[in-house]
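The values are calculated or read from the model by the stated rules, or taken from the named source; none is laboratory data. Please read these numbers as outputs of a predicted model, since none were measured by experiment. All Cβ positions, even for glycine, are placed from backbone atoms using ideal geometry, and neighbour counts span all protein chains on display.
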């Protein structure tokens, strides 16, 4: 029975005939659909399981704590107000962004005392440990750099670097001091000179400062005091051997591996470093720090101040040009702003102000150059005394002082010639411009009448009768009345 189905119900004697013919193709199609549905469901369950596993791994990865970064603050050159501002703001930024360690990469010959103390105060108050790293090879942490190294939580040095020579420099104009001769018998031997007293005060203050930093960080305080009093220095290996530096690292990755796992106290809290493989963020000076670094150079500050003074003098001498006045005011303010951040000798600043005042007075007073020469001399002496420190990189070169003095003399001579020519020109406006002018009488006048002078009608007075159309010359002005004579009269 290939195409038919037969069934019988014999219990009651009933016999059914063959059923109608039915094909098997629909059943096979239905079974195929069932198989495909089962396969799709299995595939969907598999994909769902895989996505769930990925989501679980991503969730676990997101909940895992990320390694805090290490911030690097490079300081190259002298410790100045600009570098101090950059370092202090860098420490604040690193603390705000959750850094686990701050590395100050340093190569400095020293710098200003106030700028150094600003950096040290920021290091001591920082909640993030600070490591000062003398880097690269051949770099140094001299003078102010030694104090900063002592104040840091970690003191590291690259091979071939050195530190020391932390003696405070002399204050004043500088130069070799003459040898003191034998004191007279009447002079009390216990009365030191004022300069020696000031030097000793600075030495004692610096010694106490570096000793306090050494005690704070458990470093060699005796050698630190020797560095101040005797200006001694150490290489990297010697610094580690004498417990001045903590470690030697060839580069930053080596440094981070060496300090990994260390427990350091910062701002009263213990912190454990996990720096091996930590992300590194290197800070660079922004445009404000770069601008501050330029204008706080004493030479640039002095040039800006003089340009500002020249611009204002030129504007007041020839009013109406505007641009010299605006440029001069901007330069003068920038120069004064820079000088207030530098160790300025106010006697030198007063001499510069006196010199500028004398040169300005020379332009308006007939002193035949006496005030001008005196002003240039006062300016030169003031510029020599202006910066009150002998720190390398913070003096005003004598060549620049000579150049500015020469430029001042040329400017003074040029402006004097311009003003002298202006004084010799005839007056072309105002009341004095009417004297000597020619007018025409409007109506006949026996003594008083009206005339046209420079296109304007003026009331006139004449000692002789005048007729209409007659030319007259103005001899004087009395309020709104002009005294005139006939144009042909020589009187």
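Miscellaneous remarks
- Residues being over 20 Å from residue 140 (Cβ atoms) and in contact with a helix residue (DSSP H, G or I) (Cβ under 6 Å, 6 or more places away or on another chain) - total across the stretch 216-233: 1
- Within the stretch 111-129, the residues that satisfy the criterion of being closer than 13 Å to residue 213 by Cβ and without any contact (Cβ under 8 Å) to a residue 40 or more places away in the chain are 116, 117, 121, 123.
- Considering the conditions (1) in contact (Cβ under 8 Å) with a residue 24 or more places away in the chain; (2) under 23 Å from the mean Cα position of the chain (by Cα), residue 266 is excluded by exactly one of them, (2).
- Listed conditions (1) modelled with pLDDT of 85 or more; (2) in a loop (DSSP other than H, G, I, E, B); (3) surrounded by fewer than 16 Cβ atoms within 10 Å (Cβ to Cβ) are all met by residue 491, apart from (1).
- Any hit, the stretch 394-417, residues being at pLDDT below 85, in a helix (DSSP H, G or I), in the same structural domain as residue 305 (by TED's automatic domain parsing) and surrounded by fewer than 11 Cβ atoms within 10 Å (Cβ to Cβ): yes
- Strands (runs of 3 or more DSSP E) within the stretch 173-275 that include 3 or more residues modelled with pLDDT of 95 or more and surrounded by fewer than 17 Cβ atoms within 10 Å (Cβ to Cβ): none
- Hits in the stretch 368-390 - residues which are in contact (Cβ under 8 Å) with a residue 40 or more places away in the chain, in a loop (DSSP other than H, G, I, E, B) and surrounded by fewer than 21 Cβ atoms within 10 Å (Cβ to Cβ): 388, 390
- Within the stretch 333-348, the set of residues being touching a residue at least 24 places away in the same chain (Cβ under 8 Å) and surrounded by fewer than 18 Cβ atoms within 10 Å (Cβ to Cβ) comprises 333, 336, 337, 343, 347.
- For the stretch 423-453, the set of residues classified as in contact with a helix residue (DSSP H, G or I) (Cβ under 9 Å, 6 or more places away or on another chain) and modelled with pLDDT under 80 consists of 426, 427, listed by residue number.
- Of all residues in the stretch 300-321, those satisfying the criterion of being surrounded by fewer than 17 Cβ atoms within 10 Å (Cβ to Cβ) and assigned to a helix (DSSP H, G or I) are 300, 316.
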